[in-house]
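Sharing a structure with you now.
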Amino acid sequence: MAGLISDAYTEIICDGFHLAPETVRLVKTAKDPSRVVLITDSMEGTGCPDGEYSIAGNPVYLKGGKAYTIEGAIAGSTLELLDGVKNYANFSAISFEEALPAATINPATMLSLEGVGALKEGNLANFVRLAPDFTIKEVYVGGEKI
């Protein structure tokens with residue numbers, strides 16, 4: 001809650017598991033949009049089938065795509081950042097374009113990184129090109145398609 005009432009950056013895992021959609025909507029309402037940063041907290045089981053994985057040598061179980069400790073607590077995330085952006089837009093009733101800075105320029109600014117986070121002359125030009133259905137069409141690193 002402290003992140004909501006200060007000018008600090010507020011990092012959120014927008015998976016509907018770590019934070020309920022209503023909580024994400026509260027963050028969007030309470031915070032300056034330039035101070036919201038999307039993170040994933042993703043662990044090694046991200047994109048993998050349900051089963052046993054680990055975090056720092058500790059067993060983690062994926063069930064229904066969600067990561068749990070042996071005791072049943074949340075153990076991490078399997079969220080991919082693109083899904084986090086889509087969820088942020090959805091949960092907050094904003095456009096994808098409005099949600100995108102929370103995963104691009106906001107974290108770059110928070111970390112005082114130069115030359116990343118925005119497509120402009122002189123920047124690194126690391127980006128993905130999406131289809132209208134948000135599937136990844138192309139990936140560029142340093143302006144070169146890979």
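For Gly122, all conditions in the list (1) outside the structural domain of Leu26 (by TED's automatic domain parsing); (2) closer than 23 Å to Asp15 by Cα hold save one; what is the number of the exception?
Only one criterion is unmet by Gly122, namely (2).
Taking interchain pairs and intrachain pairs at least six residues apart, which have beta carbon atoms under 8 angstrom, with the first residue in the range 92-107 and without any contact (Cβ under 8 Å) to a residue 24 or more places away in the chain and the second surrounded by fewer than 20 Cβ atoms within 10 Å (Cβ to Cβ) and of a type in the set (Val, Ile, Thr)?
Close Cβ pairs satisfying both conditions: none exist.
For the range 1-97, which fully contained strands (runs of 3 or more DSSP E) count at least 1 residues that are at pLDDT below 95 and exposed (fewer than 15 other Cβ atoms within 10 Å of the Cβ)?
Of the strands (runs of 3 or more DSSP E) lying wholly inside the range 1-97, those with at least 1 residues that are at pLDDT below 95 and exposed (fewer than 15 other Cβ atoms within 10 Å of the Cβ) span 51-55, 58-63.
If you don't mind, another one. Sort out which residues of the range 98-146 are of a type in the set (S, T, N, Q) and either in a strand (DSSP E or B) or loosely packed, with under 12 Cβ neighbours inside 10 Å (or both), and write them in order of number.
If the condition is that a residue be of a type in the set (S, T, N, Q) and either in a strand (DSSP E or B) or loosely packed, with under 12 Cβ neighbours inside 10 Å (or both), then Ser112, Thr135 are the ones that fit.
The values are calculated or read from the model by the stated rules, or taken from the named source; none is laboratory data. Predicted model, so just to flag it, every value in this text is computed and none were measured. Here Cβ is always computed from backbone atoms with ideal geometry, including for glycine, and neighbour counts include all displayed protein chains.
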